[in-house]
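Engineer: The structure under discussion is supplied below as structure tokens; questions concerning it will follow.
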């Protein structure tokens with residue numbers, strides 16, 4: 001394998017970096033977004049029994065603001081295996097989960113349409129779940145519990161590949177950088193679509209939407 005250098009658009013955990021470095025891939029890491037938790041007002045703290053959560057960021061924010069004893073009495077519907085794992089680590093009951101919001105929305109509409117939900121989300125949340133709930137006349141209250149802030153930075157180092165984990169990471173990177181025929185590795189279809197909309201097609205999508213799977217796709221590609 002020739003010398004390969006890739007950029008991760010977020011800083012990786014020690015073991016995640018190790019996978020790439022042990023494969024002989026040079027790694028540059030830069031956080032292109034940052035997350036800021038938002039305080040929930042007192043009048044928003046009356047929660048429905050069913051909670052809808054689409055990211056680990058939302059979980060971390062609500063864990064700071066609600067006692068675990070209250071959350072453990074709820075039934076949670078979530079997006080993502082890592083989100084599910086974080087909830088269960090904190091003894092919160094996950095009734096149903098899916099890797100993508102589209103799949104979870106179908107599951108809710110088909111099997112849980114009698115529920116009323118509290119939907120915890122970020123400021124850049126997609127319309128997939130709200131639209132599905134509205135079309136099915138399922139009641140929900142939406143609470144914004146975190147904010148995604150773009151941190152565009154200029155990268156002058158030549159790259160062979162770029163690892164993306166969210167549409168906001170795509171936006172932040174290309175706010176300050178041009179495309180130079182790098183291979184673009186992404187965490188899932190939503191992030192891939194953000195790249196496709198920009199006219200890129202040299203895209204490799206992880207088989208499962210986790211950081212580890214993005215890394216695996218990268219290693220396999222350059223092996």
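The values are calculated or read from the model by the stated rules, or taken from the named source; none is laboratory data. All values reported here derive from a predicted model rather than from experimental measurement. Cβ: placed from backbone, ideal geometry, glycine included. Neighbour counts: every protein chain shown.
Engineer: So which of 108, 92, 138 is modelled with pLDDT of 95 or more, assigned to a loop (DSSP other than H, G, I, E, B), farther than 23 Å from residue 41 by Cβ and not assigned by TED's automatic domain parsing to the domain that holds residue 190?
Structural biologist: 138
Engineer: Out of segment 142-185, which residues are outside any loop (DSSP other than H, G, I, E, B) and more than 21 Å from the chain's Cα centre (by Cα)?
Structural biologist: Within segment 142-185, just 176 meets the criteria.
Engineer: Sort out which residues of segment 20-43 are more than 22 Å from residue 168 (Cα to Cα), surrounded by fewer than 18 Cβ atoms within 10 Å (Cβ to Cβ) and touching a residue at least 60 places away in the same chain (Cβ under 8 Å), and write them in order of number.
Structural biologist: 23
Engineer: Being touching a helix residue (DSSP H, G or I) at 6+ places or on another chain (Cβ under 9 Å) and on the phi < 0 side of the Ramachandran plot is true for just one of 21, 107, 71, 28. Which residue is that?
Structural biologist: Only one candidate passes the filter, namely 71.
Engineer: Based on what the data block shows, is residue 116 surrounded by 17 or more Cβ atoms within 10 Å (Cβ to Cβ) and either modelled with pLDDT of 95 or more or in the same structural domain as residue 73 (by TED's automatic domain parsing) (or both)?
Structural biologist: The answer is no for residue 116.
Engineer: For residue 127, work out the one condition from (1) surrounded by 14 or more Cβ atoms within 10 Å (Cβ to Cβ); (2) without any contact (Cβ under 8 Å) to a residue 40 or more places away in the chain; (3) closer than 22 Å to residue 53 by Cα it doesn't fulfil.
Structural biologist: Among (1) surrounded by 14 or more Cβ atoms within 10 Å (Cβ to Cβ); (2) without any contact (Cβ under 8 Å) to a residue 40 or more places away in the chain; (3) closer than 22 Å to residue 53 by Cα, residue 127 violates only (1).
Engineer: For the list (1) touching a helix residue (DSSP H, G or I) at 6+ places or on another chain (Cβ under 9 Å); (2) farther than 29 Å from residue 215 by Cβ, I need the number of the one condition that residue 100 fails.
Structural biologist: (2)
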